[in-house]
Every structure is written in structure tokens, then in C-alpha cells.
1. If I take R0 = 35 Å and measure r between the Cβ atoms of A103 and A76 in this structure, what FRET efficiency does the formula 1/(1 + (r/R0)^6) give, to the nearest 0.05?
2. So how do V206, V187 line up by other beta-carbon neighbours within 10 Å, fewest first?
3. Can you pick out the pairs among K32/K200; K110/K200; K32/K62 whose Cα atoms lie more than 22 Å from each other?
4. Using a Förster distance of 45 angstrom, determine the FRET efficiency expected from the C-beta separation of I214 and F114, and round it to 0.05.
5. How many nm is it between the label spots at I11 and Q178, if each spot is 7 Å from the Cα in line with the beta carbon?
6. Run the quick spin-label model on M68 and F161: label points 7 Å from Cα toward the beta carbon, then report their separation in nm to one decimal.
Amino acid sequence: MLLCFGIFLIIFFIIIEIICVLFRSTGLSEDKARFQVISLLTGTGFTTKEAELISQHPARRKLAQIVMIMGYIGSAALISFIINIIKNSLDLFDIFFIISGVAAIAFFIKNKRFLFNLDVFIERLILKTRLERNSKNNIFTLLNHNKGYGIYNLLLEENCFLINRTLKESNLKEQNIQVLNVDKGNVFIPFPPTNYIFEKGDNILVYGKDTSIINAFKLK
């Protein structure tokens, strides 16, 4: 029972970190993302002002729903574990196991280096999945189209001509293509400067003539 309880806490902790990373990928800072997850899980501290950050963003609303369900299930499971542990007589080994487990979890939660490395690992997994998924869908989405001009959302892959080039070196401006923003997952850059260097995995939003964008990025 104690082993199952420990495994449950570890899995629950990892899921929380994944949700935090996903919230950050929507543009929230790390502190706000973690605060939102904790607030949603515990049902406390979720003020009207903070709630607007979630309710007005479709992706965050979906994540919030998942976290609320997790919080309900997690609370029920935690209470069940505690009741079963109390019913069973605990020996010194069980007490030592509980204290050691709680201390280990507290250490990892407070260890910023560990959390940073874990978040980086999760971000890489999410980015890899995102690249694989978008590769099958021509890595772009047409968001708006009007009179021959459109707004395109593009995910830069390794073979893209923009990789390791600055915005100035890209010659996009000469082709009448405007980069509106760059979404790096944990960093959002509106109207990037001319010295910005594009990287693999950048999610960029561009506006321009359809034919120019299609030819420049070789879209199908």
C-alpha cells in the first residue's frame, strides 16, 4: 500500500509539471503557470483577475478543465490512501518510509535545478511530438485569407531556410512577408527584432501575399 502511495505521488507530481509546462507554452510566465495549476488543484487562491487569464484563452481553458478533474480524482485517491494507511498498523519501517518519501518529494519540489531540468526534458518531449505531428500536416496552418493575402502559422523544421539566420538575413521583408511573432514555447516574441536568430522548433506567425509565402517556405 505504501509503495503504491509513493508511486501515485511521483506520477501526480510529474503530471503537474507537464501541465505547468503546457501552461507556459501558452504564454504564461513560470510563476503564474505554477500558481494557476496549484490554485486549480486545491480550489484556493483563484481570484477573478487571475481567472481571466484562463477563461479568455481557449487552450488554457482546456488545460484548466483537465487540472480540475485531476484535482478531484487526486483528492479522492489521497483520502483513500490515508484511510487505508491509518487502518493498517504501521511499524518503524513504514514510518521511516513515509518520512523519507515526504522529505524526498519536498527536496525535489524546492530544488530549482531539478525542476528546471525536468521542465526542459518535458519541453523537448512536447516539442518533438509537436514537430512529428506538424510534419505530417505540412507544418503550417492558414489562419486568415483575404484578397490574395493571408496570415500563416508555421513551425520551423530543421531543413527550413530560416534556421540559424537572423530576420534581416532572411530577406522576408524584401518579399513583403512580415513576421508578426515568434512562439518558442516558454518565450513569446511579438514583432521580433531584425537581429533575432530563428531556431528549429520556432512557431512563427507571418503575414503577406499568399504566393510569396507559399514560394518562400515551399508550402504545398
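1. Working: r = 25 Å, r/R0 = 0.72.
Efficiency at R0 = 35 Å is approximately 0.90.
2. Working: V206 20, V187 11.
Ascending Cβ contact count within 10 Å gives the list V187, V206.
3. On the way: K32/K200 26 Å; K110/K200 32 Å; K32/K62 17 Å.
As for pairs spanning more than 22 Å Cα to Cα, those are K32/K200; K110/K200.
4. Working: r = 45 Å, r/R0 = 1.00.
Rounded to the nearest 0.05, the efficiency is 0.50.
5. Result for the modelled spin labels: 5.0 nm.
6. If labels sit at M68 and F161, their model points lie 4.8 nm apart.
Since every read-out is calculated from the coordinates, none of them should be taken as a lab result. Just so we're clear, the structure is a prediction, and the values are computed from it rather than from any experiment. With ideal geometry, Cβ positions are generated from the backbone for all residues, glycine too; neighbour counts draw on all protein chains shown.
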